[in-house]
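These notes concern the structure reproduced below.
The values are calculated or read from the model by the stated rules, or taken from the named source; none is laboratory data. This structure is a prediction, so every number in the text was calculated from the model and none was measured. Cβ placement follows ideal geometry from the backbone for every residue including glycine, while neighbour counts extend to all protein chains displayed. Ligands, DNA and RNA are excluded from the accessible area calculation, which covers all protein heavy atoms including side chains. Shrake-Rupley method; radii C 1.70, N 1.55, O 1.52, S 1.80 Å.
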Amino acid sequence: QVQFVESGGGWAQPGGSLKLSCTVSGIDFSRYPMGWYRQAPGKERELVAVITSGMRISYEDFVKGRFTISRDNAKNMVLLQMNNLQPEDTAVYYCNAIRIIDYTEYVPVYGSWGQGTQVTVDS
């Protein structure tokens with residue numbers, strides 16, 4: 001059974017940085033595109049960034065130039081370096097395997113999510 005364990009969240013001031021980690025078990029990790037999602041209070045969960053098994057990367061516009069996604073297939077981990085954090089980045093962050101449809105649409109593979117990691121940005 002797949003399991004996602006997110007960590008690394010916390011509090012940051014605007015302009016600060018945090019690095020999130022997600023350890024994945026129960027799947028052939030290296031074969032899957034992986035993504036980070038986030039859910040702010042009162043809002044729908046949204047995609048943040050995707051990295052394919054071939055290391056192709058895609059970011060949503062609201063994090064371009066600030067966040068960097070990476071993966072370590074030897075450790076079954078996907079990472080998210082977040083720089084220049086802003087209050088609107090406050091959310092619970094989750095990872096999931098990704099299914100890419102017609103090269104442009106990204107959907108989560110698994111309906112069971114991890115507990116997420118809380119990121120809070122304020123002064």
If you scale each eigenvalue of the Cα gyration tensor by 5 and take the root, what three semi-axes come out for the chain, rounded to whole angstrom and sorted largest first?
22, 15, 14
Per residue, how much accessible area does the chain have with a 1.4 Å probe, in Å²?
53
Accessible-area composition of region 2-123, carbon plus sulfur, in percent [1.4 Å probe]:
47
Between Ile98, Ile51, Ile27, find the one with the highest GNM mean-square fluctuation for the chain; connect C-alpha pairs within less than 10 Å.
Ile27
Could you state, as a whole-number percent, how many of the C-alpha pairs of region 58-123 are farther apart than 21 Å?
32
Taking N as the number of residues in region 27-66, what is its alpha-carbon radius of gyration divided by 2.2 N^0.38 Å?
1.33
Net charge (Lys, Arg +1; Asp, Glu -1) of residues whose beta-carbon lies under 12 Å from that of Val63, Val63 excluded, is -2
Taking Cα pairs under 8 Å and at least six residues apart, what relative contact order does region 61-123 come out at, in percent?
29
Within 10 Å of each candidate Cβ there may be at most 13 other Cβ atoms; applying that plus a DSSP loop requirement, which trypsin sites (Lys or Arg not before Pro) in region 3-71 survive?
Lys43, Arg56, Lys64
Positive dipole terminus of the chain, leading residue within Ile69, Gln13, Pro41 (C-beta point charges)
Ile69
Gain on full stretching of the segment that runs from Glu105 to Asp28 - 0.36 nm per residue minus C-alpha separation:
25.5 nm
Could you tell me the distance between the Cα centroids of region 53-78 and region 1-28, to the nearest Å?
12
Just to be sure I understand: with springs between alpha-carbon atoms less than 10 Å apart, which residue in Pro14, Pro41, Pro33 has the highest mean-square fluctuation in the Gaussian network model of the chain?
Pro41
Any chance you could run the full-extension gain for Gln3 through Gln39? It's 0.36 nm times the residue separation minus the Cα-Cα distance, nm to one decimal.
11.1 nm
